[in-house]
Amino acid sequence: RQRREKSLWTDLGRGDPIVIHEAYDEEDEAAFVAREVERLAKEEKVSHRDIAVAYRTNAQSRPLEEAFVRRNIPYRLVGGTRFYERREVKDLLAYLRLVHNPFDSVALLRVINTPPRGIGDKTVQELTRLAREREVPIYSALQLLADAERDTPDGQSGGTIHGFQRRTVGSLLRFLGLLNELMDVAQTSSLSTLVRAVLDKTDYQKQLLQETDGEERMENVMQLLAVTLQYDELTPEHALPAFLEDVSLVTDIDEYDSATEAVTLITLHAAKGLEFPVVLMVGMEEGLLPHSRSLDEPSQMEEERRLCYVGMTRAKHKLYLVRAFRRSFSGHHPPSRFLADIPPDLTQTRERAGASPGWQARSDVYAPRRYSVGEEIALPEVTVEVFEAGDRVSHAKFGEGIVVSAVPSGTDYLVTVAFKGEAGVKKLLLSFAPLQRVES
């Protein structure tokens, strides 16, 4: 209603129909996008730099980034920070690394006062000094303080312990107790339960939501929690190290890949003024586009509609509108109302043989279909190449190695590989790790 009248025209002709695709969840959505990028590059010779993937919120980049890393598709992130480099994600990963290895002083120093718990920079410097003087990790220095506090009656040592005021010692020991408590949780609980415990026991979630952009940052936290759910099939002993290994793999590859011939991942807000031959818009659902904050505000809904139009008109030749049937933690999402505004004759549906049960397939995508709430959904099976102990394999980052073991984990496998050289022994989830068999 607020648009200015303008005359729109094109000299490119009618062009291809809009492809509308429904995935099962955000992981399936990202897998479809990655597969379609591969198909466009291979069959239609579309350059990676001519493809953009657009989304409403920064948190939506996480499954896309991981899907691209798994398939070795180069990408660049515009209008945001890479998922695993976002502050709240790095904070939670530091807690998890610390629970896995309390002697990780880098992780400990990142979270010792995050969220704030009365441990200032001067205290941290003194704690680091104590650890250096005793030639022990900082975690051990905290244990030394605990032993000394227990053995020092009130009124002795001039009110200090190892040079720290008793009040300061109290703050440090509460952090030590918190860390030990989380380590106990990790021994018996699933990985997602451990992350929830970190959020709850540290008051991190409460602190985050008090920030101006806390709601958006919390979306990134929920995305990280969604990732950890995929490891809940593993025993507590294996889940945390496997998760940390895989996260390290993603972040290491991100830093290593300097290719400029890359797919663009971009927020709709940042896409204004840009054009690409191919655009895939993901998250075409009520609550995402339009965003949940706009549902009761007509003026905000107008802005969401404009934003959707901006995204659609970034495409010069091919446009994909992709949505998920459900998303982790938020459940079923109805299709975006903006999809209903597109005349059916402008969309593409073609039947495809061999589809998985429960899906209506077409061409290289799955056609949209209606589901009832609570309906059983038959998911496409994830196919992974199974390795056995003794198989020779190669990895893009770690080089060649020998499979030590392959343990089933749901529809996946936890593979232990002894790599040559400095890489050493690594535990990797097979669907995540790009392992290739090396023929003898």
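The values are calculated or read from the model by the stated rules, or taken from the named source; none is laboratory data. Quick caveat, the model's predicted, so the values are computed rather than measured. So basically every Cβ, Gly included, is an ideal-geometry build from the backbone, and we count neighbours across all protein chains shown. Ligands, DNA and RNA are excluded from the accessible area calculation, which covers all protein heavy atoms including side chains. Shrake-Rupley method; radii C 1.70, N 1.55, O 1.52, S 1.80 Å.
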Seminar exercise, completed: So, first residue closer than 15 Å to Met281 by Cα and modelled with pLDDT under 90 in region 338-352, second residue open to solvent by 60 Å² or more (accessible area, probe 1.4 Å) and in a helix (DSSP H, G or I), Cβ within less than 9 Å, six or more apart or across chains; the pairs are none
For this session: Could you list all residues from region 221-245 that are touching a Lys or Arg at 6+ places or on another chain (Cβ under 8 Å) and among the acidic types (Asp, Glu)?
Result: Glu245
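Do the conditions hold for Glu66, that is, is it more than 19 Å from Met312 (Cβ to Cβ), under 14 Å from the mean Cα position of the chain (by Cα), open to solvent by less than 30 Å² (accessible area, probe 1.4 Å) and of a type in the set (D, E, K, R)?
Against the criterion (more than 19 Å from Met312 (Cβ to Cβ), under 14 Å from the mean Cα position of the chain (by Cα), open to solvent by less than 30 Å² (accessible area, probe 1.4 Å) and of a type in the set (D, E, K, R)), Glu66 qualifies.
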Exercise. Which residues, taken from region 257-296, are modelled with pLDDT of 90 or more and among the polar types (S, T, N, Q)?
Worked result: Thr264
Exercise. Consider Phe103 against the criteria (1) open to solvent by 70 Å² or more (accessible area, probe 1.4 Å); (2) modelled with pLDDT under 85; (3) touching a helix residue (DSSP H, G or I) at 6+ places or on another chain (Cβ under 8 Å): it satisfies all of them except one. Which criterion is unmet?
Worked result: (2)
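Table: residues versus (1) at pLDDT below 90; (2) assigned to a strand (DSSP E or B); (3) within 21 Å of the chain's Cα centre (by Cα); (4) surrounded by 19 or more Cβ atoms within 10 Å (Cβ to Cβ).
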residue: Asn72; (1), (2), (3), (4): yes, no, yes, no
residue: Arg76; (1), (2), (3), (4): yes, yes, yes, no
residue: Glu88; (1), (2), (3), (4): no, no, yes, yes
residue: Leu93; (1), (2), (3), (4): no, no, yes, yes
residue: Val99; (1), (2), (3), (4): no, no, yes, yes
residue: Pro115; (1), (2), (3), (4): no, no, no, no
residue: Glu126; (1), (2), (3), (4): yes, no, no, no
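Which one of Ala59, Ala41, Ala52, Ala31 is open to solvent by less than 60 Å² (accessible area, probe 1.4 Å), touching a residue at least 60 places away in the same chain (Cβ under 8 Å) and either in a helix (DSSP H, G or I) or out of contact with any Ser or Thr (no Cβ under 7 Å at 6 or more places or on another chain) (or both)?
On the way: Ala41 fails: touching a residue at least 60 places away in the same chain (Cβ under 8 Å); Ala52 fails: either in a helix (DSSP H, G or I) or out of contact with any Ser or Thr (no Cβ under 7 Å at 6 or more places or on another chain) (or both); Ala31 fails: touching a residue at least 60 places away in the same chain (Cβ under 8 Å).
Checking each option against the conditions leaves just Ala59.
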Seminar exercise, completed: Taking region 130-143 and keeping only residues that are farther than 15 Å from Val106 by Cα, assigned to a helix (DSSP H, G or I) and of a type in the set (D, E, K, R), one is left with Glu133, Arg134
